Amino acid sequence: MTYDLIVIGSGPGGYSAAIRAGQYGLKTALVEKDTRRGGTCLLVGCIPTKALLHTADMWTFAQHATDEGITIDKPALNLPKAMDRKNAIVSKHSKGVDFLLKKNKVEVFNGFGTIKGPGKVEVTGDKGTQTLETKNILIASGSEARMLPGLTPDAEFILTNIEILNLQAVPKSMAIIGAGAVGVEFASMFKRFGTDVSIFEMMPRIVPVEDEEVSKELERLFKKQKIRVETGAKCENVQKTGKSVKMKVTLANGKVEDVETEKLLVAVGRSPNTDKIGLENTKVVTDRGFIKVDEYQQTAEPGIYAIGDVVAGTPQLAHVATAQGMVAVAKIAGKPATPIRRNRIPGCTYTEPGIGSVGLTEAQAKEKGYKVKVGKFPFLANSKATILGSHDGFVKIVADEQYGEILGVHIIGPEAFELISEAVTAMEAEATVETMRNTIHAHPTIYEAVGEAFQNVDGLAINV
Ligand SMILES: Cc1cc2nc3c(=O)[nH]c(=O)nc-3n(C[C@H](O)[C@H](O)[C@H](O)COP(=O)(O)OP(=O)(O)OC[C@H]3O[C@@H](n4cnc5c(N)ncnc54)[C@H](O)[C@@H]3O)c2cc1C
């Protein structure tokens, strides 16, 4: 039997693509090496972290409930119970993925997929090895945590996103190497659980892909929350003592410090899962392990496509993987396919407060030669933010002075990851600053701050 499409990997890229292929009537198989479907995102990434971040929100509320006039006697955090809740959410959604795959007639093979050549995928699982034939292959094998040279993660001391999601007790101290989205989210979570958290970042600022002002604000707020933040810092000579982890940190000022911590989280980026999947049997071209594709996700080998974390030059985000899958499958099925646009991809970081951003930062817009106009509005001046007790942060609009084109929107503040959707839609619909100024924002809402920031591109905000 020949399939129309075999998908390797069941993360948000792979499973969504397989379902879309089923909807289009393609004879589709999905190969997954893990016993559960859902990939990094569902099993050890987006979903479990957000479940625990929700617990951190609830725990913060319980501790400060008296501010709201509510008395909670001796609130206590039960981390094993919070982990059980997180696991139940993951299991529920993984079963949901299985249900959807079945509903869309996708055949699931449990095992490790290796490309044996164009149109041939070998699956090695519990039931032995079999070779499947197909017209097209979609590589969606994702990524795994990058380790520092010489380090191996373990369940107790040197952790990645996998081990940290199984901790059964709140550590006294935790050092985090890397202040990208993964590093800062765990910092925010464990600080609120009660851990003494230090973040060490080699770059000059935390969340380095964000607008500079957003990085600065998060650093200020983290320091206010008593999270130690060291940028321009280099961590070396990491050693386990049996009870803790020790390392040498060269700080930005050149001072070398001996740091000892109960747990070390390594969050220095993610490597693509491409080294063992048989790319050598194809003409697929890679760049440092990441697969090069065209705008329709086609690799250099006809009939082989790649999406998600394995792809060179796109951000490693779940919704990017999914969107790329839609493009690839539409192309395979001969349906209209619209390539994704890099500057329309929202990025969200679920710290407290959160970050949501889309498009160019102010510096990037200037580098590209735009005459830039900026509109900012602080949550301090937003009544709903005050009601929520969360008025740190701001909305920042980066616009082109000449035509009022929206080039980028950067939000740090309450529910920033939800608020950014308005900006993404506006940009996708090619709305201008003027359109957004004329868009009525309901009162009292936190998204009024977005409307006010658009007003402020021309200095016309009312409440500041
Ligand atoms: C802690 C953490 C939090 C995150 N939070 C967010 C977030 O909030 N929002 C967001 O957008 N992104 C988030 N991400 C990133 C997101 O998880 C990834 O971008 C996303 O999972 C990539 O999807 P994918 O389909 O490309 O690959 P993956 O989700 O990595 O899935 C790949 C799948 O392929 C399987 N596989 C690999 N090789 C083979 C093989 N040879 N044969 C068979 N199966 C194979 C793997 O077992 C896996 O199931 C987070 C990541 C981490 C680590």
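The values are calculated or read from the model by the stated rules, or taken from the named source; none is laboratory data. Worth saying up front: this structure is predicted, and the values here are computed from it rather than measured. Don't worry about glycine lacking a Cβ; one is built from the backbone with ideal geometry, like all the others, and counts go over all protein chains shown. Only protein heavy atoms, including side chains, enter the accessible area calculation; ligands, DNA and RNA are left aside. Shrake-Rupley method; radii C 1.70, N 1.55, O 1.52, S 1.80 Å.
Data table
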| quantity | calculated |
| --- | --- |
| Residue within the range 331-339 that is in contact with a helix residue (DSSP H, G or I) (Cβ under 7 Å, 6 or more places away or on another chain), without any contact (Cβ under 8 Å) to a residue 40 or more places away in the chain and either assigned to a strand (DSSP E or B) or within 14 Å of the ligand (Cβ to nearest atom) (or both) present | no |
| Qualifying residue in the range 200-217 (condition: closer than 29 Å to E163 by Cβ and in a strand (DSSP E or B)) | yes |
| Selection within the range 422-464 - among the aromatic types (F, W, Y) and surrounded by fewer than 23 Cβ atoms within 10 Å (Cβ to Cβ) | Y447 |
| Number of positions in the range 1-50 that are more than 10 Å from the ligand (Cβ to nearest atom), open to solvent by 40 Å² or more (accessible area, probe 1.4 Å) and either in contact with a Gly (Cβ under 9 Å, 6 or more places away or on another chain) or not in a helix (DSSP H, G or I) (or both) | 6 |
| Pair list, Cβ under 6 Å, 6 or more apart: the range 203-218 residue more than 17 Å from C348 (Cβ to Cβ), other residue open to solvent by less than 60 Å² (accessible area, probe 1.4 Å) | P204/T231; P204/G232; R205/S215; R205/T231 |
| Residues that are closer than 13 Å to G178 by Cβ and open to solvent by less than 90 Å² (accessible area, probe 1.4 Å), drawn from the range 206-218 | I206, V207, P208 |
| Checklist (1) within 16 Å of the ligand (Cβ to nearest atom); (2) open to solvent by 90 Å² or more (accessible area, probe 1.4 Å) applied to L132, failing item | (2) |
| Matching residues in the range 298-325 - criterion: being open to solvent by less than 10 Å² (accessible area, probe 1.4 Å) and more than 11 Å from the ligand (Cβ to nearest atom) | I304 |
| Among residues of the range 51-86, those that are in contact (Cβ under 8 Å) with a residue 24 or more places away in the chain, surrounded by fewer than 18 Cβ atoms within 10 Å (Cβ to Cβ) and within 16 Å of the ligand (Cβ to nearest atom), counted | 1 |
| Selection from the range 168-198 of residues that are open to solvent by 20 Å² or more (accessible area, probe 1.4 Å) and either hydrophobic (A, V, I, L, M, F, W, C) or not in a strand (DSSP E or B) (or both) | Q168, A169, V170, K172, G180, A181, V182, K191, R192, G194 |
| Every residue from the range 103-121 that is under 23 Å from T282 (Cβ atoms), of a type outside the set (S, T, Y) and in a strand (DSSP E or B) | E107, F109, F112, G113, I115, K116, G117, K120, V121 |
| Residues of the range 90-102 satisfying the condition of being over 22 Å from I304 (Cβ atoms) and either touching a residue at least 60 places away in the same chain (Cβ under 8 Å) or open to solvent by less than 50 Å² (accessible area, probe 1.4 Å) (or both) | V90, S91, S94, G96, V97, D98, L100 |
| Residue satisfying all of: in the range 109-129; open to solvent by 60 Å² or more (accessible area, probe 1.4 Å) and farther than 30 Å from V268 by Cβ; farthest from the ligand (Cβ to nearest atom) among these | P118 |
| Among the candidates L77, L100, residue that is in a helix (DSSP H, G or I) and either among the aliphatic types (A, V, I, L, M) or farther than 24 Å from D34 by Cα (or both) | L100 |
| Answer residue from the range 135-167, given it is buried (at least 21 other Cβ atoms within 10 Å of the Cβ), hydrophobic (A, V, I, L, M, F, W, C) and near the ligand (Cβ under 9 Å from one of its atoms) and is nearest to F190 (Cα to Cα) among those | I164 |
| Answer from P353, P302 - the residue that is under 30 Å from F190 (Cβ atoms) and in contact (Cβ under 8 Å) with a residue 12 or more places away in the chain | P353 |
| Residue within the range 412-421 that is crowded, with 17+ Cβ neighbours inside 10 Å, assigned to a strand (DSSP E or B) and at pLDDT 95 or above present | yes |
| The range 260-288: number of residues that are within 13 Å of the ligand (Cβ to nearest atom) and assigned to a loop (DSSP other than H, G, I, E, B) | 9 |
